[in-house]
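Enquirer: Just dropping this structure here.
The values are calculated or read from the model by the stated rules, or taken from the named source; none is laboratory data. This one's a predicted model, so the numbers in the text were calculated from it and none came from an experiment. Here Cβ is always computed from backbone atoms with ideal geometry, including for glycine, and neighbour counts include all displayed protein chains.
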């Protein structure tokens, strides 16, 4: 796509700017990344850590230094603009963030450039210009995103724009550089309730100061500088910057235009509506910027934007402000799939997975109630009830399909129905076979067993019998000891073969438990797994009881063999077989008798030793079986506990599912972002779709074998860790598998295609379900989108701004739609952008307005003097802040430069305010002279101007008049020129004059008070002069100044002087006393003219300037008729 080949630099500043850029970059396909450099600057490490898509491309514009530390090493130029006299700032750590102090952010940014931290940005820019053989465009697009209310972004947005334009043009030789800004204004943060009220004025003042600076710098770098008011702006956007001749210079030049276009996002759109939450405004920024830069709309949008450049000439390039808005008609396909998958999972858990546990819990609760009521009964056992409930549901006359499938799964059919056996029985049968085989194949024991067989020949020869008996007893004892050892070692081997071997990998053998859970032929459902385990537990308990009884009897017999030959009556003596044979051998004279006894003892020994051998042989097998059964039973119980834990956790999962279902059901109806209009998304729509799916796709709840295997293997490995040692974990994965079941359901639904509509098809289906006309429904929705996509900018005359309006839709969505239909609904192809990169489930409306002045944004606007309108909230906050600043209050400048609140250094954003500031300064000049507030004080060979001020309490103070940090010396013109640099003095005089205007300059002649300007004299020169002469004296003090400029300044002051006379008369006589006010004003102006010597001299000399003065004065006198 063409739009993907335009080299683009996307930069986020501060917390909000970085967040917006992070979200935008996450939406851009990786295939487009080659031509995109994305970067962010922030002082706050906490905000940086939140940007998951911008890892390694964020510059932290702060160091571990304090502000004071950096000021000590910075060159002296920094102290010219940084308010270094504020002690609190010097102690501030740069790593703490700017904290709504813009000049701190500027300082941190400068330190970062000094430290080489912008090297990464340079590297990224180089990368987007690598040769790739594609159709790369010659132009470069830059978008800088920030909030103007905070400190970080608004403290560096100008320098960043100028710096990036500089390096693109001078280092990378790119001439076609288009720099855009996207700026969030303070009210979205304020009105969202995210800022404490104590910060409201700060952020609004910051925003006003930011745009004031941008406006002034744009004038300096603009098409025509004639409106700049003579103010030369200096802004260091990189340390030690130089002009073209290699001189260090911070002056803004034609090449330093910060932004070509600036998109502002305020709380209200042009319809006066808002989005309520900050996240919605961030979403608006993300969507509009993404559409402008990285969507198919960017192509036609930029082409149309090129034509708007001509419109900048009409306003001296100051109408660069824009507004944008986007709204979407969305069929929430993925969320609908999610909802139905949640319902499917929840109902499966409820009616299938958890049904047996729930019924058992009910039985247990009833048992407890009965017990407390004195009713006897056996406590129900979970395993027994689990088995019987499955059997009952499966064998019912109308069997439950799910439990019938479970019952069938846990039984293995034979050739005949009667041969069908439970898996548990078949598994245990194979374990028994393994035990028998192990016993049979034990060569060592078999060899020892053979040694325990009597040699009949040895037992017939008397002299060898005792020796033969001793050998046999030794063999039997050794065999017994080895049997005891072998049954335990063989037990471990069998458990390894049947259970433990599956801990490493799933073994497929008939005597392996996992074989019967995962094969024959498919993995079992978790409910079936529990059935098999409960069945196996029951079988093991029964069999173990039997084998234990056998073992006990055999052990008793084996143990009794020790006393089998004892004939002694003595308690402390136990005769052995050897003892008895020796006793017979020692009594030789009764040989005949002895011979019979000897034979009887041999027969007895043969019988008893043979019985002992048989007992040991039996013990080999049944004791091994007992040990294996015991260990198997322990394993089965641990497995059951683990699976019970898993199912218990599924209950918690189900609670979570039900909460998510409730949230999902109403999510689109309580949509917090009103810019998304949803189709087929009401709770009723979702319920209807689920019912249709439940009877089709979701009718079968059979999970895929791989999924069942994964569940089982996970639980089995957890059992192995718990039972055979290692880490004990019980609940770590249940939730994950709950989510995986939901995911499986989602895949099944998506593969079915039952919910797969494009946005127009969904709209058609919605109209059908509501029994309304489809075309009417579509037009209503389109009209809603057009209104919602209103830019977040003020509504002004449509002829004053230029518009962009586009629709974005997937190409396939319009298949089958005629061109007439498209034109009827979307206004034709010129405004409809079709592309496969748009989601099929969305219809997008994008609207932009170009050509605003900053003052068109009403919150930045200043009311004209005398008008009934109120100042905008941003302008008001700025004025309050500056008034406190110049009064020496406890505040810090909202500007990047501590001098920029002064009219002499920077013109105001509003032309009426700029003119008002100058008028206020001019009035203060005249009133100060009239009130004798300004006096020239001689110190040594020089005279300095000082101002005598009076505060609200009537306390007088004397302050020197400064300009650029130096006391002002010289004449009246020097005083006049310096006053804009002293707003504190100007405000002081103005406030006093407004309160005392009815007491304007007077003197006493005799016993009367004369109130007139004409009677006031300026004590400046040896001879006293009038205020009008003070104005005329500018000609003598500035002989080299162009006459046109002198005329403009002096005539302006004369007009202000005459207006002050009118104000004085109105204050004295009342505004409604027109006749008296007119008469006294004319008299006083005539007296002033008659008493003014310097003024009269210029008139008498007939100079061009004098003639023009005379014309202006007479014209003013004539207009008095119209004024009154």
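Enquirer: Just to check your reading of the model, which residue among 426, 387 is in contact with a helix residue (DSSP H, G or I) (Cβ under 6 Å, 6 or more places away or on another chain) and surrounded by 12 or more Cβ atoms within 10 Å (Cβ to Cβ)?
Expert: Working: 426 fails: in contact with a helix residue (DSSP H, G or I) (Cβ under 6 Å, 6 or more places away or on another chain).
After ruling out the rest, the residue left standing is 387.
Enquirer: Only one residue in 1027, 1056, 1031 is at pLDDT 80 or above, closer than 24 Å to residue 945 by Cβ and in contact with a strand residue (DSSP E or B) (Cβ under 8 Å, 6 or more places away or on another chain), so which one is that?
Expert: Values: 1056 fails: in contact with a strand residue (DSSP E or B) (Cβ under 8 Å, 6 or more places away or on another chain); 1031 fails: in contact with a strand residue (DSSP E or B) (Cβ under 8 Å, 6 or more places away or on another chain).
Answer to the selection: 1027.
Enquirer: Right, next: Consider residue 427 against the criteria (1) part of a helix (DSSP H, G or I); (2) free of Cβ contacts under 8 Å to residues at least 60 places away in the same chain: it satisfies all of them except one. Which criterion is unmet?
Expert: Condition not satisfied by residue 427: (2).
Enquirer: From 42, 75, 22, grab the single residue that is out of contact with any strand residue (DSSP E or B) (no Cβ under 8 Å at 6 or more places or on another chain) and either in the same structural domain as residue 155 (by TED's automatic domain parsing) or under 17 Å from residue 285 (Cα atoms) (or both).
Expert: Sole residue among the options that is out of contact with any strand residue (DSSP E or B) (no Cβ under 8 Å at 6 or more places or on another chain) and either in the same structural domain as residue 155 (by TED's automatic domain parsing) or under 17 Å from residue 285 (Cα atoms) (or both): 75.
Enquirer: Quick check on segment 834-852. Is at least one of its residues in a helix (DSSP H, G or I) and within 20 Å of residue 308 (Cα to Cα)?
Expert: In the first step, residues of segment 834-852 are kept if they are in a helix (DSSP H, G or I); the result is none.
Checked segment 834-852: no residue is in a helix (DSSP H, G or I) and within 20 Å of residue 308 (Cα to Cα).
Enquirer: Looking only at helices (runs of 4 or more DSSP H) that fall completely inside segment 1030-1124, which ones have 1 or more residues that are without any contact (Cβ under 8 Å) to a residue 24 or more places away in the chain, under 60 Å from the mean Cα position of the chain (by Cα) and assigned by TED's automatic domain parsing to the domain that holds residue 990?
Expert: 1043-1069
Enquirer: Sticking with this structure for a sec: Looking at segment 595-607, can you tell me whether even one residue there is within 30 Å of residue 724 (Cβ to Cβ) and either at pLDDT 85 or above or not in a helix (DSSP H, G or I) (or both)? Break it down stepwise before answering.
Expert: As a first pass, look at segment 595-607 and keep what is within 30 Å of residue 724 (Cβ to Cβ): none.
No, every residue in segment 595-607 fails to be within 30 Å of residue 724 (Cβ to Cβ) and either at pLDDT 85 or above or not in a helix (DSSP H, G or I) (or both).
Enquirer: A further question follows. Taking the condition of being more than 18 Å from residue 211 (Cα to Cα) and surrounded by 21 or more Cβ atoms within 10 Å (Cβ to Cβ), how many residues in segment 871-919 meet it?
Expert: Total meeting the criteria: 1.
Enquirer: In the set 178, 195, which member is surrounded by 17 or more Cβ atoms within 10 Å (Cβ to Cβ), under 23 Å from residue 321 (Cα atoms) and in the same structural domain as residue 302 (by TED's automatic domain parsing)?
Expert: On the way: 195 fails: under 23 Å from residue 321 (Cα atoms).
One residue alone meets the criteria, 178.
Enquirer: Does at least one position in segment 646-653 carry a residue that is touching a residue at least 40 places away in the same chain (Cβ under 8 Å), outside the structural domain of residue 450 (by TED's automatic domain parsing) and surrounded by fewer than 18 Cβ atoms within 10 Å (Cβ to Cβ)?
Expert: No, every residue in segment 646-653 fails to be touching a residue at least 40 places away in the same chain (Cβ under 8 Å), outside the structural domain of residue 450 (by TED's automatic domain parsing) and surrounded by fewer than 18 Cβ atoms within 10 Å (Cβ to Cβ).
Enquirer: Taking segment 222-252 as the region of interest, how many residues are out of contact with any strand residue (DSSP E or B) (no Cβ under 9 Å at 6 or more places or on another chain) and at pLDDT below 75? Reasoning before the result, please.
Expert: Going through segment 222-252, the residues out of contact with any strand residue (DSSP E or B) (no Cβ under 9 Å at 6 or more places or on another chain) turn out to be 222-231, 236-239, 244-247.
Of the ones still in play, those that are also at pLDDT below 75 are 222-231, 239, 244-247.
Final tally of qualifying residues: 15.
Enquirer: So, residue 549, is that one farther than 21 Å from residue 452 by Cα and surrounded by 18 or more Cβ atoms within 10 Å (Cβ to Cβ) or not? Full working, then the answer.
Expert: Working: farther than 21 Å from residue 452 by Cα: yes; surrounded by 18 or more Cβ atoms within 10 Å (Cβ to Cβ): no.
Here the answer is no, as residue 549 does not meet what is asked.
Enquirer: Would it be correct to say that residue 678 is within 28 Å of the chain's Cα centre (by Cα) and at pLDDT 90 or above?
Expert: Numbers: within 28 Å of the chain's Cα centre (by Cα): yes; at pLDDT 90 or above: yes.
For residue 678, the condition - within 28 Å of the chain's Cα centre (by Cα) and at pLDDT 90 or above - is met.
Let's see how each residue does on (1) part of a helix (DSSP H, G or I); (2) modelled with pLDDT of 95 or more; (3) touching a strand residue (DSSP E or B) at 6+ places or on another chain (Cβ under 6 Å); (4) buried (at least 20 other Cβ atoms within 10 Å of the Cβ):
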{"residue": "516", "(1), (2), (3), (4)": "yes, no, no, yes"}
{"residue": "522", "(1), (2), (3), (4)": "no, no, no, no"}
{"residue": "532", "(1), (2), (3), (4)": "yes, yes, no, yes"}
{"residue": "535", "(1), (2), (3), (4)": "yes, yes, yes, yes"}
{"residue": "555", "(1), (2), (3), (4)": "yes, no, no, no"}
{"residue": "567", "(1), (2), (3), (4)": "no, no, no, no"}
{"residue": "572", "(1), (2), (3), (4)": "no, no, no, no"}
{"residue": "575", "(1), (2), (3), (4)": "no, no, no, no"}
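Enquirer: How about segment 795-825: which of its residues are more than 22 Å from residue 323 (Cβ to Cβ) and outside any loop (DSSP other than H, G, I, E, B)? Don't jump to the end; show me each part of the working.
Expert: Of segment 795-825, the ones more than 22 Å from residue 323 (Cβ to Cβ) are 809-825.
Hits for segment 795-825 are 809, 811, 812, 813, 814, 819, 820, 821, 822, 823, 824, 825.
Enquirer: Quick one: which of 783, 793, 864 is buried (at least 19 other Cβ atoms within 10 Å of the Cβ) and either under 20 Å from residue 303 (Cα atoms) or not assigned by TED's automatic domain parsing to the domain that holds residue 291 (or both)? Show your work before the answer.
Expert: On the way: 783 fails: buried (at least 19 other Cβ atoms within 10 Å of the Cβ); 864 fails: buried (at least 19 other Cβ atoms within 10 Å of the Cβ).
After ruling out the rest, the residue left standing is 793.
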